[in-house]
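Asks: Submitted below is the structure of interest, expressed as structure tokens.
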Amino acid sequence: MKETMQRKAGRIAIGMILAGIILITTACSNQSSVKQKATLNDLFRNNKEIVIDCFGDSITWGQFVSVDLQKKIANGEVVPSLDDGGQLFEEYGIYISSVYQSDPTYPEKLEMTLNESLLRSGYDSRVICVNDGISGDWLTKDSYRRITCDPDIVVILYCGNNFYFDQEYKGTLEANVDALRDAGCLLYFATYPLYPDKAHTEDFANANKYLRKVAKKKNIPLIDTYELFEEAVGEQYDRDDLFSTDLIHLSELGYELLGQYIAQGIFADLEMNK
């Protein structure tokens, strides 16, 4: 994006909010348009370096907490700092230490997985993924202005906090889609993986419904990570191994899977037209 604004965070207090993989590309009868696939393939054929912006909230940033992490903090093995590269949850004045950020985050795993696939398939291009997730953030009609790079592709996993914090959501996603497309970006949506039957589940399920609705309306490819996680739980993993102890955010393993699934979704659109 030529016009960018990055939210500046201050430091107030240490805290945290809310204390073989199957390849499936898109869901909800929504498919990447022929035009987008052609543009995507041209992008990867004609550019050595492609920038992917991962645009979202705390799931994108990589917030997590585990029993093991809590124990390490309690016995002093890990020490949160007031100025350690974390984030400020501005509306509530809570600083989230970087010790609560997954290693890797999903954008890091997305970059690693997609570059490995490109190399194996003989592409000369490589991707750089930018993490533009902000913990506690909700989507407004001009949120796109805070994107910190000039992306070729934007992956949107956003608006769960609109429902969780009862913030206006109607038209917000569409406004950002229109602005990003006008700037020449290719777009992908991803859905939220959910831990069922918890107090917050309905809010993020509603966000997924909205994401699917706008994906269909705007003809945007949707990588349904919710469905992919449900399949993974049924076939390979215990659900508790994929989620943080707060049952909202993912575990470090969960973030790795999220990055892999999104990488596979993008790569499939290349392979299908190669």
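The values are calculated or read from the model by the stated rules, or taken from the named source; none is laboratory data. Note that the coordinates shown come from a computational prediction; the quantities given were computed from them, not determined experimentally. Note that each Cβ is placed from the backbone with ideal geometry, even for glycine, and that neighbours are counted across all protein chains shown.
Asks: Name every residue in segment 150-165 that is closer than 21 Å to I266 by Cβ, of a type outside the set (A, V, I, L, M, F, W, C) and touching a Leu at 6+ places or on another chain (Cβ under 7 Å), in order of residue number.
Replies: Of segment 150-165, the ones closer than 21 Å to I266 by Cβ are 150-159.
Then drop every residue that is not of a type outside the set (A, V, I, L, M, F, W, C), which leaves 150-152, 158.
If the condition is that a residue be closer than 21 Å to I266 by Cβ, of a type outside the set (A, V, I, L, M, F, W, C) and touching a Leu at 6+ places or on another chain (Cβ under 7 Å), then D152, Y158 are the ones that fit.
Asks: If only one of I94, I52 is in contact with a strand residue (DSSP E or B) (Cβ under 7 Å, 6 or more places away or on another chain) and at pLDDT 95 or above, which one is it? Break it down into steps so the answer makes sense when it comes.
Replies: Numbers: I94 fails: at pLDDT 95 or above.
From the options I94, I52, the qualifying one is I52.
Asks: Right, here's the next one. How many residues are part of a loop (DSSP other than H, G, I, E, B), over 14 Å from the mean Cα position of the chain (by Cα) and either under 27 Å from I50 (Cα atoms) or modelled with pLDDT under 95 (or both) if we restrict to segment 182-196? Let's see the steps before the verdict.
Replies: Initial filter on segment 182-196 (part of a loop (DSSP other than H, G, I, E, B)): 183-185, 191-196.
Still in the list and also over 14 Å from the mean Cα position of the chain (by Cα): 183-185, 195-196.
Okay, now just the ones that are also either under 27 Å from I50 (Cα atoms) or modelled with pLDDT under 95 (or both), so 183-185.
Residues in segment 182-196 being part of a loop (DSSP other than H, G, I, E, B), over 14 Å from the mean Cα position of the chain (by Cα) and either under 27 Å from I50 (Cα atoms) or modelled with pLDDT under 95 (or both): 3 in total.
Asks: Would segment 213-226 turn up any residue that is modelled with pLDDT of 95 or more, assigned to a helix (DSSP H, G or I) and within 22 Å of K109 (Cα to Cα)?
Replies: yes
Asks: If A207 satisfies every condition in (1) crowded, with 18+ Cβ neighbours inside 10 Å; (2) within 23 Å of F267 (Cα to Cα); (3) of a type outside the set (F, W, Y) but one, which is the exception?
Replies: (2)
Asks: A further question follows. How many residues, within segment 215-274, are of a type in the set (D, E, K, R) and either in contact with a helix residue (DSSP H, G or I) (Cβ under 7 Å, 6 or more places away or on another chain) or closer than 16 Å to S117 by Cα (or both)? Break it down into steps so the answer makes sense when it comes.
Replies: At the first step, the residues of segment 215-274 found to be of a type in the set (D, E, K, R) are 216-218, 224, 227, 230-231, 235, 238-241, 246, 252, 256, 269, 271, 274.
So of that shortlist, the ones also either in contact with a helix residue (DSSP H, G or I) (Cβ under 7 Å, 6 or more places away or on another chain) or closer than 16 Å to S117 by Cα (or both) come out as 218, 239, 241, 256, 269, 271, 274.
Residues that pass the stated criteria total 7.
Asks: Related question: Grab the helices (runs of 4 or more DSSP H) fully contained in segment 38-142, keeping just those with 2 or more residues being hydroxyl-bearing (S, T, Y) and crowded, with 16+ Cβ neighbours inside 10 Å. If you could, list the steps in order and put the result at the bottom.
Replies: Numbers: elements: 58-61, 67-74, 106-120.
Hits in segment 38-142: 58-61, 106-120.
Asks: Just the residues that are in contact with a strand residue (DSSP E or B) (Cβ under 8 Å, 6 or more places away or on another chain) and of a type in the set (G, A, S), please, taken from segment 121-142.
Replies: Once the filter is applied, which keeps residues that are in contact with a strand residue (DSSP E or B) (Cβ under 8 Å, 6 or more places away or on another chain) and of a type in the set (G, A, S), segment 121-142 yields S125, G133, S135, G136.
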